[in-house]
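Scroll down for the structure; my scribbles are underneath it.
Just so you know, all these numbers are worked out from the coordinates, no wet-lab data involved. Just so it is clear, the structure is predicted and the values come from calculations on it, not from any experiment.
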Amino acid sequence: MSRLILLLALCVLPALVSARFVGNPFLVRGKVYCDTCCAGFETDKTPYIAGATVRIECKDRKTEDLKYSIEGVTSSAGIYNIEVSGDRGDDVCDVKVVSSPQSDCATPSSGRDRARVILTRYNGIVPDIRNVNSIGFQRNEPMAGCTELLKKYMVDEDE
């Protein structure tokens with residue numbers, strides 16, 4: 001009798017625990033910035049963009065057909081929080097910039113215009129919050145003072 005209870009507990013308990021997470025949406029969180037120095041990365045002077053639109057796209061791993069898409073808008077601090085329903089374990093999901101309300105900083109920053117996000121609970125990550133790398137737009141012309149700022153990061157090509 002005790003073996004039967006132990007066997008039942010070992011089979012049923014994990015199913016009950018995993019069932020608890022099935023209906024919970026994922027919260028995908030990140031920031032959208034303006035690359036004011038056209039450096040390709042965030043600096044001490046990087047501003048974050050309020051009102052920028054981002055999209056989460058999940059595509060089939062094999063066919064690359066779009067299976068899920070949802071958009072969100074950044075807050076006054078340039079932060080987006082987007083709820084994604086369902087486990088997307090069979091998909092490849094990316095967060096990407098869509099549009100910027102700033103006309104002088106509306107070109108997607110090459111290489112930093114998207115970020116990969118894993119949206120499955122079957123990978124050992126327990127929290128339902130996924131923090132994503134910052135993504136951004138590039139300013140049309142570098143702002144004044146960028147040469148001095150980039151010297152701080154030793155990115156000046158003349159050195």
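Tabulated values for the structure
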item	result
Normalised contact order of the range 24-152, rounded percent, pairs of Cα under 8 Å and 6 or more residues apart	34
Partner lysines for Lys96 [C-alpha distance under 24 Å; skip if fewer than 8 residues away on the same chain]	Lys31, Lys45, Lys59, Lys62, Lys67
